[in-house]
Amino acid sequence: MGSLHWRTVNPHGRRRVLVTKELPGTRWLQLLTADDCRVDVCASPSTLTASDIRAALAGGCAAVLGQLTEPWNADLLRALKDAGGGVYANYAVGFDNVDVEAATRLGLPIGNTPGVLTQSTAELAVALTLAAARRIAEGDAYMRAGRFTGWHPTLLLGQLLERKLLGVVGAGRIGVRYAQIMQSAYRMDVTYFDIRRSAELEDFSATYSAFLEARGEQGLTCRRAASLDELLAEADVVSVHTALREETRHLLGREQFARMKRDAIFVNTSRGALHDEAALVDHCRTHPTFRAALDVYENEPAMCPGLSELPNVVVVPHLGSATGWTREGMAALAAANVLGILNNWPVWNRADIRPFLSASAPKAAPSIVNATELGLERYGGTS
Ligand code: DGY
């Protein structure tokens with residue numbers, strides 16, 4: 001398989017599963033080998049190209065447990081199918097790297113790993129919001145450069161978050177969790193933009209607001225914005241938690257940044273292409289009081305020229321899900337998706353996927369994004 005180094009576990013297993021990067025933890029491997037899979041894991045640190053994957057598929061393959069860095073387009077999915085593949089399991093909750101429509105046409109189930117990332121990614125969004133508001137990265141660089149000559153009343157003044165207005169774009173699991181943390185920790189009012197009403201967020205907010213009022217404090221508000229423009233014009237912090245699709249690409253561009261408050265904070269922990277990175281660079285350059293905190297980039301791993309030179313931007317390398325518990329959980333869910341499909345088990349029908357992390361995991365595939373389109377059976381017989 002070329003110059004890449006692969007390690008093989010259970011070489012005489014009855015079904016071959018390709019795993020395109022080393023994964024944390026051991027449970028995922030135990031699950032696959034206990035089911036007598038031969039597991040070929042790419043042990044080289046490189047990101048595999050389509051031709052690397054094609055070469056690895058040669059000789060037959062029942063399933064691939066792959067990565068968001070790989071282009072699972074119609075051609076590659078066809079190559080998997082031709083190699084005898086029955087399922088592709090993405091090691092991510094997002095699946096914008098996969099042509100799901102093509103997979104459905106090929107009859108190929110596509111797995112993802114929701115649920116285990118919610119808290120970790122929400123916590124990173126909180127950390128980035130604070131880093132931007134309190135200028136943590138600038139302070140860190142200042143110290144390391146030996147520039148701190150003593151306390152000063154005007155040194156690196158930041159912004160208080162308490163009682164400000166938080167704008168959440170996309171009220172899915174991660175957006176809701178992030179908003180709940182920001183409400184309970186910083187008593188922020190919330191405005192959110194989503195095609196659906198989030199009863200979970202609104203109910204939490206109402207309950208927490210009643211709790212504050214019962215203690216003699218001012219309550220909180222939470223409302224669904226009539227439009228993205230409305231949210232952008234009002235919010236002090238704008239955090240993006242929506243999925244990347246053709247219609248959400250560059251959801252935030254030059255015009256949208258111009259609508260935001262001059263000293264707003266913009267956070268993106270979802271996908272880089274949701275914002276126009278070149279427009280963001282220009283905006284941050286011409287608006288020094290505006291702050292951006294980014295975990296994701298339009299052309300990962302590259303950053304748009306100029307981004308890294310801007311003091312009002314905080315950048316981290318796609319770390320949203322980077323906690324041991326979450327990354328091990330993602331691996332276990334991805335392996336369970338492979339086994340669920342290869343064994344013709346039904347597809348899990350609940351949002352709570354924690355049972356798959358227990359010693360006696362359900363006999364089901366935890367999350368198949370095209371299960372409905374493929375008419376796959378649901379766990380417990382319901383859809
Ligand atoms: C995902 O799962 O989509 C994240 O971006 C990677 O952790």
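The values are calculated or read from the model by the stated rules, or taken from the named source; none is laboratory data. Quick caveat: nothing in here was measured; it's all calculated off a predicted structure. Glycine also receives a Cβ, built like all others from the backbone with ideal geometry; neighbour counts cover every protein chain displayed.
Among the residues of the stretch 64-84, those that are within 20 Å of Leu29 (Cα to Cα) and surrounded by fewer than 24 Cβ atoms within 10 Å (Cβ to Cβ) comprise Gln67, Leu68. Report every pair of residues separated by at least 6 positions or lying on different chains whose Cβ atoms are under 6 Å apart, first residue within the stretch 92-108 and more than 17 Å from Leu65 (Cβ to Cβ), second of a type in the set (D, E, K, R) and assigned to a helix (DSSP H, G or I). Within 6 Å, the pairs are Thr104/Glu373; Leu106/Lys81. When the stretch 336-356 is limited to residues that are touching a Lys or Arg at 6+ places or on another chain (Cβ under 9 Å) and within 21 Å of Glu200 (Cβ to Cβ), the one that is surrounded by the fewest Cβ atoms within 10 Å (Cβ to Cβ) turns out to be Ala351.
Summed over the stretch 268-316, the residues that are free of Cβ contacts under 8 Å to residues at least 60 places away in the same chain and among the hydroxyl-bearing types (Ser, Thr, Tyr) give a count of 4. Screening the candidates Ala145, Ala179, Ala171 for the property of being farther than 26 Å from Gly94 by Cβ, at pLDDT 95 or above and of a type in the set (Gly, Ala, Ser) yields one hit, Ala145.
Of all residues in the stretch 281-340, those satisfying the criterion of being among the polar types (S, T, N, Q), touching a helix residue (DSSP H, G or I) at 6+ places or on another chain (Cβ under 9 Å) and in a loop (DSSP other than H, G, I, E, B) are Asn312, Ser321, Thr323.
Scanning the stretch 258-271 for residues that are surrounded by fewer than 21 Cβ atoms within 10 Å (Cβ to Cβ) and within 16 Å of the ligand (Cβ to nearest atom) returns no hits. Within the stretch 202-259, the set of residues being within 19 Å of Met182 (Cβ to Cβ) and either small (Gly, Ala, Ser) or at pLDDT below 95 (or both) comprises Ser205, Ala206, Ser209, Ala210, Gly219, Ala225, Ala235, Ser239. Among residues of the stretch 199-224 that are in the same structural domain as Gln180 (by TED's automatic domain parsing), those with a beta-carbon under 6 Å from a residue that is surrounded by fewer than 14 Cβ atoms within 10 Å (Cβ to Cβ) at least six positions away or on a different chain give the pairs Gly219/Glu213; Arg224/Arg197. Picking from residues in the stretch 42-60 that are free of Cβ contacts under 8 Å to residues at least 40 places away in the same chain and assigned to a helix (DSSP H, G or I), the one that is surrounded by the most Cβ atoms within 10 Å (Cβ to Cβ) is Ile53. Could you tell me whether the stretch 81-99 includes any residue that is assigned to a helix (DSSP H, G or I) and of a type in the set (Ser, Thr, Tyr)? No, there is no match, as no residue in the stretch 81-99 is assigned to a helix (DSSP H, G or I) and of a type in the set (Ser, Thr, Tyr). Checking Leu106, Leu117, Leu157, Leu166 one by one, the residue that is within 16 Å of the ligand (Cβ to nearest atom), modelled with pLDDT of 95 or more and of a type in the set (A, V, I, L, M, F, W, C) is Leu117 and no other. For the stretch 320-372, the set of residues classified as charged (D, E, K, R) and away from the ligand (no atom under 16 Å from the Cβ) consists of Arg350, Asp352, Arg354, Lys363, listed by residue number.
Between Tyr178, Tyr192, the distinction of being farther than 19 Å from Gly115 by Cα, in the same structural domain as Arg259 (by TED's automatic domain parsing) and hydroxyl-bearing (Ser, Thr, Tyr) belongs to Tyr192 only. The set of residues in the stretch 288-300 being over 15 Å from Ala278 (Cα atoms) and either within 15 Å of the ligand (Cβ to nearest atom) or at pLDDT below 95 (or both) consists of Asp295 alone. Quick check, is Val93 surrounded by 17 or more Cβ atoms within 10 Å (Cβ to Cβ), away from the ligand (no atom under 12 Å from the Cβ) and at pLDDT 95 or above? Answer is no for this residue.
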